[in-house]
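Report on the following structure.
The values are calculated or read from the model by the stated rules, or taken from the named source; none is laboratory data. Just so we're clear, the structure is a prediction, and the values are computed from it rather than from any experiment. For neighbour counting, all protein chains shown are included, and Cβ atoms are generated from backbone atoms with ideal geometry for every residue, glycine included.
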Amino acid sequence: MKPLALSVAAVCLISFLSTPVSAQAPKQPDRQVAVTIDDLPAGMADRLPAAEITAMTAKLLGTLRDQKIPVVGFVNEKKLYKPGEVDERIKALQMWLDYGFELGNHTFSHQSLNQVGLKAWEDDVIQGETVTRLLLAQRKMKLRYFRHAYLDTGRDLLTRREAEAFLTERGYRIAPITLDGWDWMFAGVYEEAEKRNDAAMQQQTVKDYLAHHDAIFAYAEQLSLKIVGYEPKQILLLHASQLEADHIGELLDVLRKRGYRFITLEDALGDSAYSLPDTYVGEEGTGWLEHWAITQGKIPQGEPVVPQWLIDRTKELHLSTGTVTAPTPY
Ligand SMILES: [Zn+2]
């Protein structure tokens with residue numbers, strides 16, 4: 001090394017050493033997220049025996065409770081009514097409350113407001129309250145959250161506003177979402193691979209599920225800055241599945257590495273972002289960051305897409321969550 005380079009290096013070293021440690025490390029953002037889980041008691045409830053639903057629920061809730069993650073689970077009560085299994089399926093639902101979590105309504109049969117029209121959809125909302133309301137009442141809790149099936153909030157503004165007025169009238173707060181990595185798609189492929197004892201495909205699915213969610217979180221953080229001006233308290237959408245039961249702990253670690261801490265849905269909804277103007281309507285349901293962007297006349301671009309192999313596999317297997325006939329599950 002030449003003397004000049006050496007002295008420059010020495011100066012750099014001195015200035016490096018004299019800088020306080022706190023000023024060197026980039027400040028970790030104070031990120032907050034509420035976790036919500038849809039399609040209870042299980043996304044694949046039609047295909048699973050009650051015993052498997054119970055085991056899956058216990059494993060999922062065990063991790064969430066151990067890590068003290070507040071969660072609201074959204075129920076499709078139609079999935080309870082399998083002959084001979086009704087009691088056990090209701091018990092699986094009850095476990096959510098026993099473990100200290102909260103339940104909300106996700107319609108009775110996972111009907112899309114955009115597909116069935118306002119009146120039929122309202123009936124499906126009401127029918128979806130029966131068991132959940134009873135279970136909550138036993139614990140002196142109220143049924144207070146609603147999540148749209150497929151995130152479909154109405155294909156025109158009049159329908160959207162009438163549906164919202166109906167939900168308010170029945171005592172609901174709509175539960176929006178801002179983080180969505182399409183975990184239902186990974187979950188379907190994962191569960192099918194497990195049935196065939198295809199460990200290699202399961203491992204690949206988990207690896208891609210974690211990487212895709214990390215990319216989606218980064219994208220949502222950037223979009224938040226552009227649209228909201230800061231990163232609001234985010235709301236994550238997941239689905240009740242064997243994949244989440246087995247691997248949600250790793251997903252929570254992905255969030256922690258990005259600086260997130262876990263808050264209640266109630267806390268998240270206190271963020272003023274959730275009062276931003278929102279006139280989004282459309283055939284396709286989507287997240288609220290997109291709602292706000294489109295309301296501002298901006299088209300969000302560059303959203304990470306799930307790997308093509310996963311889309312192909314999902315089509316091959318005719319997989320979906322919610323109702324079996326569902327075209328695009330949320
Ligand atoms: Zn759903």
Does region 227-234 contain any residue that is within 16 Å of the ligand (Cβ to nearest atom), assigned to a helix (DSSP H, G or I) and in contact (Cβ under 8 Å) with a residue 40 or more places away in the chain? no
Any idea which residue in region 309-330 is nearest to the ligand (Cβ to nearest atom), counting only those that are part of a loop (DSSP other than H, G, I, E, B) and modelled with pLDDT of 50 or more? Ser320
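Which one is surrounded by the fewest Cβ atoms within 10 Å (Cβ to Cβ) among residues in region 68-101 that are within 16 Å of the ligand (Cβ to nearest atom) and in a helix (DSSP H, G or I)?
Just the residues of region 68-101 that are within 16 Å of the ligand (Cβ to nearest atom), to begin with: 71-80, 93, 96.
Right, trim to in a helix (DSSP H, G or I) and you get 77-80, 93, 96.
Working: Glu77: 24, Lys78: 19, Lys79: 26, Leu80: 23, Leu93: 22, Trp96: 25.
Looking at residues that are within 16 Å of the ligand (Cβ to nearest atom) and in a helix (DSSP H, G or I), I get Lys78.
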Being under 22 Å from the mean Cα position of the chain (by Cα), hydroxyl-bearing (Ser, Thr, Tyr) and in a helix (DSSP H, G or I) is the filter here, so list the residues in region 129-151 that pass it. Thr132, Tyr150
Region 182-205, residues that are within 30 Å of Pro277 (Cα to Cα) and touching a strand residue (DSSP E or B) at 6+ places or on another chain (Cβ under 8 Å): Asp183, Trp184
The residue that is farthest from Ala273 (Cα to Cα), considering only those in region 206-241 that are of a type in the set (S, T, N, Q) and crowded, with 22+ Cβ neighbours inside 10 Å, is Ser241
Qualifying positions in region 260-303 - under 29 Å from Gln115 (Cβ atoms), exposed (fewer than 13 other Cβ atoms within 10 Å of the Cβ) and hydroxyl-bearing (Ser, Thr, Tyr): Ser275, Thr279
The condition from (1) away from the ligand (no atom under 16 Å from the Cβ); (2) β-branched (Val, Ile, Thr); (3) under 22 Å from the mean Cα position of the chain (by Cα) that Ile126 misses is numbered (3)
Taking the condition of being over 20 Å from the mean Cα position of the chain (by Cα) and either part of a helix (DSSP H, G or I) or modelled with pLDDT of 95 or more (or both), how many residues in region 281-297 meet it? 5
If you check Lys257 against the conditions, is it surrounded by fewer than 16 Cβ atoms within 10 Å (Cβ to Cβ), among the basic types (Lys, Arg) and modelled with pLDDT under 95? no
Would you point out the residue of region 37-67, among those that are among the small types (Gly, Ala, Ser) and under 16 Å from Leu251 (Cβ atoms), that is nearest to the ligand (Cβ to nearest atom)? Gly43
Gly104: away from the ligand (no atom under 16 Å from the Cβ), more than 23 Å from Pro49 (Cβ to Cβ) and modelled with pLDDT of 95 or more, yes or no? no
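How about region 134-171: which of its residues are within 23 Å of Tyr99 (Cα to Cα), surrounded by 16 or more Cβ atoms within 10 Å (Cβ to Cβ) and either away from the ligand (no atom under 16 Å from the Cβ) or of a type in the set (Gly, Ala, Ser) (or both)?
Pass one, region 134-171, residues within 23 Å of Tyr99 (Cα to Cα): 134-147.
Now narrow it down to the ones that are surrounded by 16 or more Cβ atoms within 10 Å (Cβ to Cβ): 135-136, 143-147.
Within region 134-171, Leu135, Leu136, Leu143, Arg144 qualify.
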Just wondering, is there one or more residues in region 173-193 that are in contact (Cβ under 8 Å) with a residue 60 or more places away in the chain and surrounded by fewer than 16 Cβ atoms within 10 Å (Cβ to Cβ)? yes
Cβ-Cβ distance below 7 Å, separation of 6 or more or different chains: which pairs start in region 149-162 with a residue that is among the acidic types (Asp, Glu) and end on one that is modelled with pLDDT of 95 or more and within 13 Å of the ligand (Cβ to nearest atom)? Asp152/Ser112; Asp152/Leu113
Could you please find all residues in region 184-195 being charged (D, E, K, R) and farther than 15 Å from Glu316 by Cα? Glu194, Lys195
